């Protein structure tokens, strides 16, 4: 089975409060994009152990620590009778970008193993297993516009009209951001209204309504963030922001040509453009 684990963006991201357990309560509106890795899962020979072979963009961890293998182990704990598999991952989406690439790989691994071996595990149960792997993982089980709250694992579907909108994404090469460092630089603050209420607004009204609380602290260390946002706006984006904890920046455009032209003029970045309503 071949799957295409896709990236996500955070249309808006509010850090609300620090929790007693050291984590943070947040509110974020997450959208899937079409920028994707390639994941192939095939049954291993009888009695053989599960293997992971990676190619494409360098992955900064050994295969046994990859989230794909963490997903395998989580599902094996759920279903000890599951046979071994040979898994092949070609990395295309950059890491350290705030695009959820590793989380998507893990979630799609759960979905793929469930289908390849006919385990019959419900999507709701897969999402619960995914929550134990990483905060963004449950989102990719559903893979549709979602409002995420609490630590990011409480998900609520959001209806949005994204028809006709296109996205350009740029991640500065060699400029990654750790989630822990990003959280260390933010000051939580409550918000009077929900991002879900703003989801019904047309894209031309998103600027000034949606924002990313990580941008100020991350942008202070990475000037490329504001430079890329300025470039996207100059190219005609109706809204531009950093995704997640960075360092990828996206622009929302009203035509494919404008999105393609925006990334054609960018150097020193991993880039992608395509329709926003990709799923």
Subset of region 118-146 (residues that are touching a strand residue (DSSP E or B) at 6+ places or on another chain (Cβ under 9 Å), in contact (Cβ under 8 Å) with a residue 24 or more places away in the chain and surrounded by fewer than 20 Cβ atoms within 10 Å (Cβ to Cβ)): 127, 135, 143, 144
Condition met for residue 133 (part of a helix (DSSP H, G or I) and either more than 23 Å from residue 242 (Cβ to Cβ) or not assigned by TED's automatic domain parsing to the domain that holds residue 227 (or both)): no
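Restricting to region 187-211, give me the number of residues that are in a loop (DSSP other than H, G, I, E, B) and out of contact with any helix residue (DSSP H, G or I) (no Cβ under 6 Å at 6 or more places or on another chain). Break it down stepwise before answering.
Residues of region 187-211 in a loop (DSSP other than H, G, I, E, B): 187-194, 199-202, 206, 208-209, 211.
In the following step, the residues that additionally are out of contact with any helix residue (DSSP H, G or I) (no Cβ under 6 Å at 6 or more places or on another chain) were identified as 187-194, 199-202, 206, 208, 211.
Adding up the residues that qualify gives 15.
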Condition check for residue 209: surrounded by fewer than 21 Cβ atoms within 10 Å (Cβ to Cβ) and closer than 19 Å to residue 12 by Cα: yes
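Residues 97, 180, 170: which one is closer than 23 Å to residue 259 by Cβ, assigned by TED's automatic domain parsing to the domain that holds residue 199 and either modelled with pLDDT under 95 or touching a strand residue (DSSP E or B) at 6+ places or on another chain (Cβ under 6 Å) (or both)?
Result: 170 is the single residue among 97, 180, 170 that is closer than 23 Å to residue 259 by Cβ, assigned by TED's automatic domain parsing to the domain that holds residue 199 and either modelled with pLDDT under 95 or touching a strand residue (DSSP E or B) at 6+ places or on another chain (Cβ under 6 Å) (or both).
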Where a residue in region 93-117 is on the phi > 0 side of the Ramachandran plot and buried (at least 22 other Cβ atoms within 10 Å of the Cβ) and its partner, wherever it lies, is modelled with pLDDT under 95 and in a helix (DSSP H, G or I), with Cβ under 9 Å and at least six apart: 98/179; 98/182; 98/218
Count of region 210-231 residues which are in contact (Cβ under 8 Å) with a residue 40 or more places away in the chain and closer than 19 Å to residue 29 by Cβ: 6
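Residue by residue, here is whether (1) touching a residue at least 12 places away in the same chain (Cβ under 8 Å); (2) part of a helix (DSSP H, G or I) holds:
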position: 233; (1), (2): yes, yes
position: 240; (1), (2): yes, no
position: 246; (1), (2): yes, no
position: 252; (1), (2): yes, no
position: 257; (1), (2): no, yes
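Table: residues versus (1) in contact with a helix residue (DSSP H, G or I) (Cβ under 8 Å, 6 or more places away or on another chain); (2) farther than 30 Å from residue 158 by Cα; (3) crowded, with 18+ Cβ neighbours inside 10 Å.
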| residue | (1), (2), (3) |
| --- | --- |
| 39 | yes, no, yes |
| 43 | yes, yes, no |
| 46 | no, yes, no |
| 79 | no, yes, no |
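The values are calculated or read from the model by the stated rules, or taken from the named source; none is laboratory data. Treat the numbers as computed from the prediction; the structure is a model and nothing was measured. Neighbour counts run over all protein chains shown; Cβ positions are idealised from the backbone, glycine included.
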